[in-house]
1. Longer than 22 Å from Cα to Cα, which of K329/K498; K117/K148; K148/K187 are they? Say none if no pair is.
2. Go through segment 317-324 residue by residue and turn each phi into a ³J(HN,Hα) via Karplus (6.51, -1.76, 1.60, θ = phi - 60°); whole Hz please, and just put x for glycine and proline.
3. Determine the share of segment 373-503's accessible area contributed by carbon and sulfur atoms, expressed in whole percent, with a 1.4 angstrom probe.
4. Once the whole set of protein chains is in place, how much accessible area is left on E106, using a 1.4 Å probe, in Å² to the nearest 10?
5. Take the alpha carbon gyration tensor of segment 101-154, find the square roots of its eigenvalues, order them as a ≥ b ≥ c, and report rounded if a/c is under 1.5; if not, report prolate when a/b exceeds b/c, else oblate.
6. Solvent-accessible area per residue for segment 230-343 at a 1.4 Å probe radius, Å²?
7. If you count only protein heavy atoms with a 1.4 Å probe, what accessible area per residue comes out for segment 353-404, rounded to a whole Å²?
Amino acid sequence: MGNAGNRDKAREASSAYTKEADEEDINIQATGCMFCRRLLGEGDVLWELDWDKDREKKREECLRAYRGLEKKETPGKLPDGPQGIFFMALSALRPFASEGMLPCRESEQASVMEFLKSSLRVHIKKEVLYVSGMPGTGKTASVLDAAKRLEKARSSSSNSNTPIKFAYVNAMCLSTPSAVFAEIQRKVLGQAQKRKRGPGPGGDGEEALRQALTQAGGEVVILVIDEVDALLTQGQTVLYRLFDWMSQPAARLVVVAIANTMDLPERLLPRVSSRLGIRRVNFEAYNRDQLHTILADRLRAGGAEAAIRDDALKLCAARVAAAGGDARKALQVCQAAVQRAIDATATNGKEPEAVTAAQMDKAEAELLQRNPVAVGIMNLNLKPRCFLLGMVLELRKQNAYALPLKTVTRRYEAIMRILQQRDEGAGKATQPVSSERCAWECLEYQRRLEDCCIIAQYALEQKDDGEGPAMGLGFVSSIDVSEAATALSVAPGDEIAKELLDLQPPCPYRRLS
Ligand SMILES: Nc1ncnc2c1ncn2[C@@H]1O[C@H](COP(=O)(O)OP(=O)(O)OP(=O)(O)O)[C@@H](O)[C@H]1O
Ligand SMILES: [Mg+2]
């Protein structure tokens, strides 16, 4: 293969990476080496090897060259010279830096792959795979990896008789739920059809798509719909139309739906759920050992395990596991700690040393402080913090993203009574706690916290009684429940939050973004 071909492949690979990364709002360079992410200059040729055959070998070489030095064995000590290892660690900890099988997700990935393969074998089998689990548990990464591996295997296999096409749609990024049809069409047919017939069945390119997907001898489309709960409209018409396509005898479509909520299939109306069977795979939150394995594995794969001490990695894994087991957050905390180490060596000129547990601790606190909503929570007085504590406890317990004010008020009153008893026990003067007073205070805190953009009102998923959907309280999209819990438990002098949050293990909840 010539240089130009290799260069094109490198550029193509790095821009594919950028495209995926953009969907996660990560700002990375558009043309970088796909292994070490160095910027490529004009005419810069990465290597003259067969891309696929020598890929692994080249990856190693590339990383070594970028690091500039061989690793030394002394624990806690980094090689002399530039802080290359820190930059390699930053690269290894990037959200999409891991390719292929994810550690600690082997059985879930196998289930996804098994579903896809069996659906392709009998593509008239009418089942949707429903992938659920807490944020950052590897749902999207696992499904994308399985679908891509299958697509690649099919395209390279000479005896494959069912060509497949893979299409990914994130429902959270659509302007309206019904825009999903135009988006699927764009992904499947490579174009968006002009809207001729307005919204509703048959419009938004739905007919052209239906034809393409039921055409005999065409490709089987593996459609992955991420954050599928964003398509849940009141009458569930969008999901009904989508499931209706799939249930057509000639439909060549395999659907994988991903969401944070476990109970979405139960919330489907009978006319929707009766169209198809639902197979489930649930992704449990990572525990600390798993998070430690994931982080260590990432660093090892990037040749940067010496950048962070093992006790620091363990601390990060334990903290993040306690706050909901989100691998994305664990990666962010480690990246922030490495960035601190880079800044420190740049300013004091000392020999770079591996990130310590104390640095990791600081990085975690700093990360939280970069979120103005978390800072706002930390600076609140005790009573509004107790109001938010009541919200966090109930949101976790009910696995919900919003709650009626009266539920929060009940919790708030219970917290106030605990505080009153403690004050009395300590001989402090107390004010009587009454339901009326608590109701009045909660109404006031709701208004103030909405004004401060810490909480907001959302429509609750209850049956509509003809007067529009009931409204509930949830956190604004820039902070999730586990971050709010951390902000409450680190607020100085707030023992009640620490105690109550420790008592209640985190439960799956829905993230609004
Ligand atoms: N087992 C793992 N090994 C390595 N990296 C992982 C693992 N699980 C998750 N990650 C990384 O964590 C990040 C979040 O993963 P992913 O986007 O798949 O989570 P998700 O479950 O889809 O979350 P959300 O519900 O928020 O969309 C990604 O960068 C992914 O690469
Ligand atoms: Mg996801």
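The values are calculated or read from the model by the stated rules, or taken from the named source; none is laboratory data. Quick caveat: nothing in here was measured; it's all calculated off a predicted structure. Surface accessibility is based on the protein's heavy atoms, side chains included, excluding ligands, DNA and RNA. Shrake-Rupley method; radii C 1.70, N 1.55, O 1.52, S 1.80 Å.
1. Working: K329/K498 20 Å; K117/K148 12 Å; K148/K187 15 Å.
Over 22 Å apart, Cα to Cα: no pair at all.
2. Calculated HN-Hα couplings, in order: 4, 5, 5, 5, 4, 5, 9, x Hz.
3. Numbers: 3410 of 6600 Å².
That fraction is 52 percent.
4. Ignoring ligands and nucleic acids, E106 comes out at about 100 Å².
5. Working: a/c = 2.32, a/b = 1.47, b/c = 1.58.
Judged from the Cα gyration tensor, segment 101-154 comes out oblate (a/c at least 1.5, b/c at or above a/b).
6. About 38 Å² of surface per residue is accessible.
7. Numbers: 2040 Å² over 52 residues.
Computed with neighbouring chains in place, this is 39 Å² per residue.
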